[in-house]
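**Student:** Pasting a structure here, questions to come.
The values are calculated or read from the model by the stated rules, or taken from the named source; none is laboratory data. Nothing here was measured: the structure is a model prediction, and the numbers come from that model. Cβ atoms come from the backbone with ideal geometry, glycine included; neighbour counts cover every protein chain shown. SASA here: full protein model, heavy atoms, side chains in, ligands and nucleic acids out. Shrake-Rupley method; radii C 1.70, N 1.55, O 1.52, S 1.80 Å.
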Amino acid sequence: MNIPLTKRPKLDVPGQSPVPEKHARAKKPPFKFVIFFQQLFRRLRHWKTYVPPNAVTYELAVRQFLDNIMGVCSRTLPAWQRIVESGLAEQSPQTDQPIDFLRHHPVEDLYFAGFVALEAAQIPRLYEHGEADIIFSTIADQIDVYAKRGDRLMSDVFFEVIARLNLLHDTVDKRPYDKAVKTILRRLDFDKTDPGKMLLADKGFRHLLAEPFAIYAPHWWEKFKAKFVLYQPEIAEDDEDKEQEAMAELIAKTEAGRKQPKLRWRKRAAALFG
């Protein structure tokens, strides 16, 4: 007959405290690395949210920049356009090419894009590469919308002028206005007609067209940088902060709940030479 064996209860020895069944293990505090990570994260979050009183977002700065250049263009475009019309009329007096030219080409938009590009050409010497790239991309995103165009004509002209000025090589271009004028005239199809080709090759004509860009340049970014700083607000800052906080809490819980390995006694190896 099999009699089940029961576990004999532990007897309390007189004069001694009762022996607990199992010692309660104290909760392990998080590692110093976890505490340091949490403190560093709080400081970084505070630094990210701090905005200087003279800080302006890239979008607002570019919008003000385009407003200023538009004002300059509205004052200088009529004289510039009359030079173009007179040049075409001189080369082809028996035709109505100046009228057709104004009717089929967006003169105002191309003139504005060229002026914006020449002013933006000063940005690489004023800002670091990362900031300059953000300014350029913001201008390209806003310039067509600002001019109420549904295509990318003005942003294409903007980047074409910037590329012709060789700004990526950090060299000082001695003829930036002439290159901008050539780009605008080619966009106006001056290289597709005989009168246009003759005007495109005429340096005196190009110099007349380049005068407004050189004389009335407001040097907007240089004046702006002397008073304001640029900053880019975080789009999903709250979600990113929550994810990083959850990661820190997960690391802390994991480290606190990790079990310590049991120390096993090992017999000491005998010496080879006694």
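**Student:** Taking the Cβ of Asp144 as the center, what net charge do the other residues with Cβ under 10 Å away carry, scoring Lys and Arg +1 and Asp and Glu -1? Don't skip to the end; give the middle numbers.
**Tutor:** On the way: positive: Lys148, Arg149, Arg152; negative: Asp109, Asp141, Asp151, Asp156.
Its environment carries a net charge of -1.
**Student:** Heavy-atom accessible area of His207 with all protein chains present, probe 1.4 Å, nearest 10 Å²?
**Tutor:** 110
**Student:** Turning to a different aspect of this structure: Starting at the first residue of the stretch 179-184, write each ³J(HN,Hα) from the Karplus equation 6.51 cos²θ - 1.76 cosθ + 1.60 with θ = phi - 60°, in whole Hz, x for Gly and Pro.
**Tutor:** Per residue, the Karplus-derived 3J(HN,Hα) values read 5, 5, 5, 4, 5, 5 Hz.
**Student:** In addition: Using a 10 Å cut-off on Cβ atoms, rank the peptides 146-154, 58-66 from the highest mean neighbour count down. Intermediate results must be reported in sequence, preceding the final value.
**Tutor:** On the way: 146-154: 14.2, 58-66: 17.6.
Highest mean packing first, the order is 58-66, 146-154.
**Student:** Could I ask something else about it? Taking amide H atoms as placed 1.01 Å from N in the peptide plane, list the residues 5 or more away in sequence, or in a different chain, whose amide H sits under 5 Å from that of Leu230.
**Tutor:** Result for Leu230 returns Val56.
**Student:** Which net charge results for the neighbourhood of Gln91, defined as the other residues with beta-carbon distances under 10 angstrom from its beta-carbon, given Lys and Arg at +1 and Asp and Glu at -1? Mind dumping the intermediate values first?
**Tutor:** Details: positive: Lys197; negative: Glu90, Asp194, Asp202.
Summing Lys/Arg as +1 and Asp/Glu as -1 gives -2.
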